[in-house]
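Following: one structure in structure tokens, then a few remarks.
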Amino acid sequence: MKKLAFLMAAACLHFSVIAQEKQEEKTGTPKDTIKVAAADSVKAHTDTIRIGSVTIITNRNHRDSLRQRHNDRKRKPKNVSTHWFTLDFGLNNYTDNTDYASLSAQQFAPGATKDWFKVRPGKSINVNIWLVTQQLNLVKHVINLKYAVGVELNNYDYKEEIRFNKNPTSVYKDQIIYRKNKLAADYVTLPMMLNFNFTPKSYEDKSIGFSIGMAAGYLYSSRQKYISDETGKEKTKDDFDLRPFKLSYVGELKLGPVKLYGSLATKSMFEKGLDQTPYTLGIRTEW
């Protein structure tokens, strides 16, 4: 590679001299002056070849070293970094520890069994929209405080034809066959986590680490949506005795450009009757 670069430089010099000699024949410029100026413009070094103001780096190790020094200068972690939009897409489910033989469960859902409340995992969707996420440096950009504000949109797609009544809340099994039967619960949520970044000097799409913490959510909307051939599309809006506040364990795992998230509520999402603790798993995308 060095020889090739040097030969290219020599060729450029040769053609430059020939062109200049032809110019001399027309203008009378001394040859010696041309040759000295041309020779002075080409300086060879063990690592570089310089042609005028252009420098060609021929040593690969030297070139990699310069690139690394450039990257080190360019990548300076901020004490406070902000993302203005983050989107999560995942799946919902819950751990059902309800004692269906108990009086409270039978009052809430007469005749119910655990099979009534099974969901379709592939259709029970979780979508989170974080309007702003910030990360605050605590210890050398390795340990950080991470917090956000946004909304959680949760859907639970039931396999059975169960239906929620309101005032008072109760659940019964309908005789109509539903093509779709979903319970939706949406929260305004504020998560707060400790972030551990094992590669603090790497760029965002190459960093490796994880975050763990808690999230507090407030239920601002809930409804049941069902579709059948007999009644068409219907929707019932109510709180269905869902807890107005939700406290969850939350975490995320970052492996370069891939970021995974998960959450697990500390209590049942219902205030009475049912003991169903929700959890989510999914993929996180930041802009």
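The values are calculated or read from the model by the stated rules, or taken from the named source; none is laboratory data. Keep in mind the model is a prediction, meaning the values are calculated, not measured. FYI the Cβ positions are ideal-geometry reconstructions off the backbone, even for glycines, and counts take in every protein chain you see. Note: accessible area is taken over every heavy atom of the protein model, side chains too, but ligands, DNA and RNA are not part of it. Shrake-Rupley method; radii C 1.70, N 1.55, O 1.52, S 1.80 Å.
Please tell me if E234 is of a type outside the set (G, A, S), without any contact (Cβ under 8 Å) to a residue 40 or more places away in the chain, closer than 24 Å to A184 by Cβ and open to solvent by less than 80 Å² (accessible area, probe 1.4 Å). Reasoning before the result, please.
Working: of a type outside the set (G, A, S): yes; without any contact (Cβ under 8 Å) to a residue 40 or more places away in the chain: yes; closer than 24 Å to A184 by Cβ: yes; open to solvent by less than 80 Å² (accessible area, probe 1.4 Å): yes.
Spelling it out, E234 is indeed of a type outside the set (G, A, S), without any contact (Cβ under 8 Å) to a residue 40 or more places away in the chain, closer than 24 Å to A184 by Cβ and open to solvent by less than 80 Å² (accessible area, probe 1.4 Å).
Looking at Q134, Q175, which is the one that is modelled with pLDDT of 95 or more and open to solvent by 20 Å² or more (accessible area, probe 1.4 Å)? Steps first, answer last, please.
Numbers: Q175 fails: modelled with pLDDT of 95 or more.
Matching residue, one of Q134, Q175: Q134.
Would you check which residues across the stretch 97-134 are assigned to a loop (DSSP other than H, G, I, E, B) and among the aliphatic types (A, V, I, L, M) and list them? Let's see the steps before the verdict.
Here is the first cut: in the stretch 97-134, the residues assigned to a loop (DSSP other than H, G, I, E, B) are 97-102, 109-113, 118, 120-124.
Scanning the stretch 97-134 gives A101, A109, A112.
How many residues are farther than 29 Å from T277 by Cβ and either touching a helix residue (DSSP H, G or I) at 6+ places or on another chain (Cβ under 6 Å) or open to solvent by less than 80 Å² (accessible area, probe 1.4 Å) (or both) when one looks only at the stretch 185-207? Walk me through how you get there before you give the answer.
At the first step, the residues of the stretch 185-207 found to be farther than 29 Å from T277 by Cβ are 197-207.
Adding the requirement that they be either touching a helix residue (DSSP H, G or I) at 6+ places or on another chain (Cβ under 6 Å) or open to solvent by less than 80 Å² (accessible area, probe 1.4 Å) (or both) leaves 197, 199-200, 202, 207.
Going through the stretch 185-207 one residue at a time, the tally reaches 5.
Test each condition in (1) of a type outside the set (K, R); (2) out of contact with any Phe, Trp or Tyr (no Cβ under 9 Å at 6 or more places or on another chain); (3) within 20 Å of P191 (Cβ to Cβ); (4) open to solvent by less than 40 Å² (accessible area, probe 1.4 Å) for N93 and report the one that comes out false.
Exception for N93: condition (2).
Within the stretch 185-287, considering only strands (runs of 3 or more DSSP E) that don't extend past its boundaries, which have at least 1 residues that are of a type in the set (D, E)? Steps first, please.
Details: elements: 208-228, 232-237, 245-255, 258-265, 276-286.
By residue number, 232-237, 245-255, 276-286.
Kindly evaluate Y203 against the criterion of being modelled with pLDDT of 95 or more, hydroxyl-bearing (S, T, Y) and within 15 Å of the chain's Cα centre (by Cα).
Numbers: modelled with pLDDT of 95 or more: no; hydroxyl-bearing (S, T, Y): yes; within 15 Å of the chain's Cα centre (by Cα): yes.
When the stated conditions are applied, Y203 does not pass them.
Considering only residues that are in a strand (DSSP E or B), touching a helix residue (DSSP H, G or I) at 6+ places or on another chain (Cβ under 9 Å) and of a type outside the set (S, T, N, Q), which ones fall in the stretch 160-184? If you could, list the steps in order and put the result at the bottom.
At the first step, the residues of the stretch 160-184 found to be in a strand (DSSP E or B) are 162-165, 170-173, 178-184.
Next, only the ones that are touching a helix residue (DSSP H, G or I) at 6+ places or on another chain (Cβ under 9 Å) stay: 162, 170-171, 173.
Selection gives I162, V171, K173.
Restricting the stretch 240-267 to residues that are touching a residue at least 60 places away in the same chain (Cβ under 8 Å) and more than 21 Å from G150 (Cβ to Cβ), which is least open to solvent (accessible area, probe 1.4 Å)?
Across the stretch 240-267, the extreme among qualifying residues is F240.
For the stretch 162-171, state whether one or more residues are of a type in the set (K, R), open to solvent by 50 Å² or more (accessible area, probe 1.4 Å) and in contact (Cβ under 8 Å) with a residue 12 or more places away in the chain.
Here is the first cut: in the stretch 162-171, the ones of a type in the set (K, R) are 163, 166.
Next cut, open to solvent by 50 Å² or more (accessible area, probe 1.4 Å) only: 166.
This time we only want the ones that are in contact (Cβ under 8 Å) with a residue 12 or more places away in the chain, so: 166.
Yes, the stretch 162-171 contains a residue that is of a type in the set (K, R), open to solvent by 50 Å² or more (accessible area, probe 1.4 Å) and in contact (Cβ under 8 Å) with a residue 12 or more places away in the chain.
Residue by residue through the stretch 96-117, note down the ones that are surrounded by 13 or more Cβ atoms within 10 Å (Cβ to Cβ), out of contact with any strand residue (DSSP E or B) (no Cβ under 7 Å at 6 or more places or on another chain) and of a type outside the set (S, T, N, Q).
Within the stretch 96-117, Y100, A105 qualify.
Select from the stretch 148-159 the residues that are assigned to a strand (DSSP E or B) and open to solvent by 20 Å² or more (accessible area, probe 1.4 Å) and list them in ascending order.
Residues satisfying the conditions are V149, V151, L153, N155.
Being surrounded by 14 or more Cβ atoms within 10 Å (Cβ to Cβ), more than 30 Å from S202 (Cβ to Cβ) and in contact (Cβ under 8 Å) with a residue 40 or more places away in the chain is the filter here, so list the residues in the stretch 271-287 that pass it.
Within the stretch 271-287, G273, L274, D275, Q276, T277, P278, Y279 meet the criteria.
Any residue in the stretch 220-228 that is open to solvent by less than 40 Å² (accessible area, probe 1.4 Å), farther than 19 Å from A184 by Cα, at pLDDT 95 or above and not acidic (D, E)?
No.
Given the conditions (1) at pLDDT 95 or above; (2) under 31 Å from the mean Cα position of the chain (by Cα); (3) part of a loop (DSSP other than H, G, I, E, B), and given that Y94 satisfies all but one, which numbered condition is not satisfied?
Going through (1) at pLDDT 95 or above; (2) under 31 Å from the mean Cα position of the chain (by Cα); (3) part of a loop (DSSP other than H, G, I, E, B) one by one, Y94 breaks only (3).
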